[in-house]
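The values are calculated or read from the model by the stated rules, or taken from the named source; none is laboratory data. Just so it is clear, the structure is predicted and the values come from calculations on it, not from any experiment. Note that each Cβ is placed from the backbone with ideal geometry, even for glycine, and that neighbours are counted across all protein chains shown. Each accessible area value is taken on the protein alone, full model and side chains, heavy atoms only, with ligands, DNA and RNA left out. Shrake-Rupley method; radii C 1.70, N 1.55, O 1.52, S 1.80 Å.
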Amino acid sequence: AQTVTQSQPEMSVQEAETVTLSCTYDTSENNYYLFWYKQPPSRQMILVIRQEAYKQQNATENRFSVNFQKAAKSFSLKISDSQLGDTAMYFCAFMKHLGNNDMRFGAGTRLTVKP
Amino acid sequence: EAQVTQNPRYLITVTGKKLTVTCSQNMNHEYMSWYRQDPGLGLRQIYYSMNVEVTDKGDVPEGYKVSRKEKRNFPLILESPSPNQTSLYFCASSSQGAGHETQYFGPGTRLLVL
């Protein structure tokens, strides 16, 4: 079974600084997808960024980028120029390429951006 | 606007009183799923449905039922709720075609069972 581990329960960063959230996963699959979701105080789940395992290039979405290390099974999220609105819970998630669309989540990292 | 809706958003009930949380999506997605979110555990899948009349258990199905009579709706049923089902519940949907890997989440339903 696939497992996703986020080893940082809480993190904080100063506004405009850069922060990196870590995520590791365990799988025997070769093709799969990885995601970062943001959950602000409103509790809604918002997709931040996704990565296909068969793509070597790291995904980027504006201020958000990932460092995908397939051999190490690591998928960290870098937030540049942090903004107060980035304060949220962040979940790393894994999904097999072929399957029942079951998504496995980590326990989450609570990020606080300080003014 | 493409969206997944859930009702109610907040619910307080008592042990043993049957309840239903509705979920509806307007994107013609084949795949729908229910998750529960608990502190320190992230989101865990309760049940999923690959299409109409096709449902299966996820990781934590005990105490829950689902049905998929129509493509757009996927209600979650708690026949006899217990306090350990107090949680935040999310419905999600995705397509089976291109972009299937991206799930769209509803706003969540916070349930308290006394």
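Quick notes
- Checking the stated criteria, B:Pro107 turns out to be at pLDDT below 95, closer than 18 Å to B:Arg9 by Cα and under 14 Å from the mean Cα position of the chain (by Cα).
- In the stretch B:1-113, counting only strands (runs of 3 or more DSSP E) that sit wholly within it, the ones holding 3 or more residues that are surrounded by fewer than 19 Cβ atoms within 10 Å (Cβ to Cβ) and without any contact (Cβ under 8 Å) to a residue 24 or more places away in the chain span B:54-57.
- Selection from the stretch A:55-74 of residues that are part of a loop (DSSP other than H, G, I, E, B), at pLDDT 90 or above and not hydrophobic (A, V, I, L, M, F, W, C): A:Gln57, A:Asn58, A:Asn62, A:Arg63, A:Lys70, A:Lys73
- Filtered by the rule that a residue be more than 14 Å from every other protein chain (Cβ to nearest Cβ), within 15 Å of the chain's Cα centre (by Cα) and either over 22 Å from B:Gln103 (Cβ atoms) or part of a strand (DSSP E or B) (or both), the stretch A:76-115 gives A:Ser76, A:Leu77, A:Lys78, A:Ile79, A:Ser80, A:Thr87, A:Leu111.
- Residues that are β-branched (Val, Ile, Thr) and open to solvent by 70 Å² or more (accessible area, probe 1.4 Å), drawn from the stretch A:56-115: A:Thr60
- Pick from the stretch A:18-37, criterion more than 11 Å from chain B (Cβ to nearest Cβ) and open to solvent by 20 Å² or more (accessible area, probe 1.4 Å), ranking: farthest from B:Ser93 (Cα to Cα): A:Thr18
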